[in-house]
Amino acid sequence: MTDQSVEIAEITTEVDRLAAEAIAAAEGAASLAELKEIRGQHLGKKSPMGGFKAKLGSLDPEDRKVAGQALNEANRAVGDAFSTAESALGDAARRRQLETERLDLTEIRREAQRGHLHLVTQARYRLEDVFIAMGYQVAEGPEVETAWYNFEALNIPDWHPARGEFDTIFVNLGEPEEVMLRSHTSPVQIRTMENQEPPIYIVAPGRTFRTDTADATHLPAFNQIEGLVVDRGITMADLAGTIDAFIKAFFGAEVNTRLRPSYFPFTEPSAEFDISMPDGSWLELGGCGMVNPQVLANCGIDPEEWQGFAFGFGIDRLAVMRYGLDDIRELVNNDVRFLRQF
Ligand code: FA5
């Protein structure tokens, strides 16, 4: 073996050793930044591999070819190792980024509060349940009414002073009829009696409207529930007993009721009904009375044969009492922090 060939053998061995070292270093890199640094150390101009390139020039052509080939192969192998390491480290970095930026939707769902019915709706459904259990049916009517249903059939002709007390919101549709947003749920009494033969046992919950300014006890759009019974032999005692039964079912057995004489054109006699409060005072809830014989006659029902009672009260006011609220406007502010408590 000539000196030359010894030198070539040493060069290729050294090149292989350096290449193996560079490949091992690339595979061991922990990050893209570290890989870049390692690349500089092992492949840069000042690196041992780079130094061999410069050495090639001093070899004779035959040896230069052999050594050049070895160097090229080594460079390719090292280059491949760096590419593989680079893409693996890039993938890992992307995975880490996705992991930290991930939106865990399952977690959001777990933390989210489930919604529930508004407390006025809850009160309305509970009232309906109480009356359904007592054998009543639930009736509904339109929120926009004619003067016949809102007033006249209820024995409130246009000259009647009670007409003004309802603070009615009118809808200007021109002739021939006066049209309004219903100021109470009593029109549903008329619609039911016009369409149904007695015996009648219905409750009619729904929205009602008045020009009332919103304050602690009034809303311009509020909810009432109407009750109507038409049957044979109905007396004021049935009315008083019914009111007491549903109030006890709704509020609890400890709550009492009382009737106070009052006046409504559509009932005769008429009363306001109050419920007892824990402090011993009484709170007005609504109006009631025996259906005025004129109203039965207006609907084609013979008052000699049939008698009835009716009552109507505010569901919003009932919710205010039941949940101990200070102000009825809380019900419509739609502040979820308030509504969530119920
Ligand atoms: C009436 O509306 C009668 N139709 C009730 C009735 C029916 C009497 C059947 C006899 C027979 P009144 O105007 O008093 O009556 O209203 C009844 C209830 O509605 C009141 O007691 C109150 O609870 C509720 N209410 C009235 N105005 C408002 C308002 N602006 N905001 C909230 N609740 C109200």
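Ignoring ligands, DNA and RNA, what percent of the 1.4 Å accessible area of the stretch 225-342 is carbon and sulfur?
Result for the stretch 225-342: 49 percent of the exposed heavy-atom area is carbon or sulfur.
Quick one: length gained pulling residue 133 to residue 322 fully straight, 0.36 nm per residue minus the C-alpha distance?
Difference between extended and current length: 66.0 nm.
Can you tell which of 319, 33, 310 shows the greatest fluctuation in a Gaussian network model of the chain with Cα springs below 10 Å?
Comparing 319, 33, 310 in a Gaussian network model of the chain, the most mobile one is 33.
Calculated from DSSP H runs of 4 or more alone, at -39500 (n - 2.57) each and per residue, what is the 222 nm mean residue ellipticity of the chain, nearest 500?
Numbers: 13 runs with 162 residues, N = 342.
Mean residue ellipticity at 222 nm (helix-derived): -15000 deg cm²/dmol.
Computed FRET efficiency, Cβ-Cβ of residue 103 and residue 329, R0 45 Å: what is it to the nearest 0.05?
It comes to 0.75.
Which FRET efficiency value, to the nearest 0.05, is calculated for residue 83 and residue 53 with the Förster distance at 25 angstrom and r the Cβ-Cβ distance?
0.80
How are the Cα pair distances of the stretch 174-226 distributed, in percent, across 5 Å bins from 0?
P(r) over the stretch 174-226, rounded to whole percents: 4, 17, 20, 19, 16, 13, 7, 3, 0.
Quote the accessible area belonging to residue 263 in square angstrom, nearest 10, computed with a 1.4 Å probe and with ligands, DNA and RNA left uncounted.
Probe radius 1.4 Å; accessible area of residue 263 about 130 Å².
With each label point set 7 Å from Cα along the Cα-Cβ vector, what nm distance links residue 126 and residue 336?
2.4
Longest exposed-loop-site-free stretch of the chain, with trypsin sites (Lys or Arg not before Pro), DSSP loop and at most 11 other Cβ within 10 Å? Don't jump to the answer; show the numbers that get you there.
Working: sites that count: 45, 46, 102, 114, 232, 340.
It works out to 115-231.
Once a ≥ b ≥ c are taken as the square roots of the eigenvalues of the Cα gyration tensor of the stretch 119-339, is the result rounded (a/c under 1.5), prolate (a/b larger than b/c) or oblate (a/b not larger than b/c)? Numbers along the way, then the final one.
Numbers: a/c = 1.72, a/b = 1.15, b/c = 1.49.
Since a/c reaches 1.5 but b/c is at least a/b, the shape of the stretch 119-339 is classed as oblate.
Estimate the FRET efficiency between residue 175 and residue 196 by the formula 1/(1 + (r/R0)^6), using the beta-carbon distance for r and 25 Å for R0, to the nearest 0.05.
Approximately 0.20, to the nearest 0.05.
Taking Cα atoms, how many degrees apart are the long axis of helix 236-251 and the longest axis of the chain, rounded to 10 and kept between 0 and 90?
That works out to roughly 20 degrees.
So what is the accessible area of the stretch 3-101 per residue, in Å², with the probe set to 1.4 Å?
Solvent-accessible surface per residue comes out at 65 Å².
On C-alpha positions alone, give me the angle between the axis of helix 32-43 and the longest principal axis of the chain, in degrees, nearest 10.
10
Give me the aspartates and glutamates in straight-line cross-link reach of residue 45: C-alpha distance below 20 Å, same-chain residues under 8 apart excluded.
Partners found: 14, 16, 21, 34, 37, 73, 80.
Please identify which residues in the stretch 220-263 have an amide N closer than 14 Å to a label point set 7 Å out from the Cα of residue 143, following the Cα→Cβ vector.
So the set is 220-224.
Against the longest alpha carbon principal axis of the chain, how many degrees, from 0 to 90 and to the nearest 10, is the axis of helix 3-28 turned?
10
The values are calculated or read from the model by the stated rules, or taken from the named source; none is laboratory data. All of these numbers come straight from a predicted model, not from anything done at the bench. Using ideal geometry, Cβ is built from the backbone for each residue, glycine included, and neighbour counts are taken over all protein chains shown. In case anyone asks, the SASA skips ligands and DNA or RNA and just uses the protein heavy atoms, side chains included. Shrake-Rupley method; radii C 1.70, N 1.55, O 1.52, S 1.80 Å.
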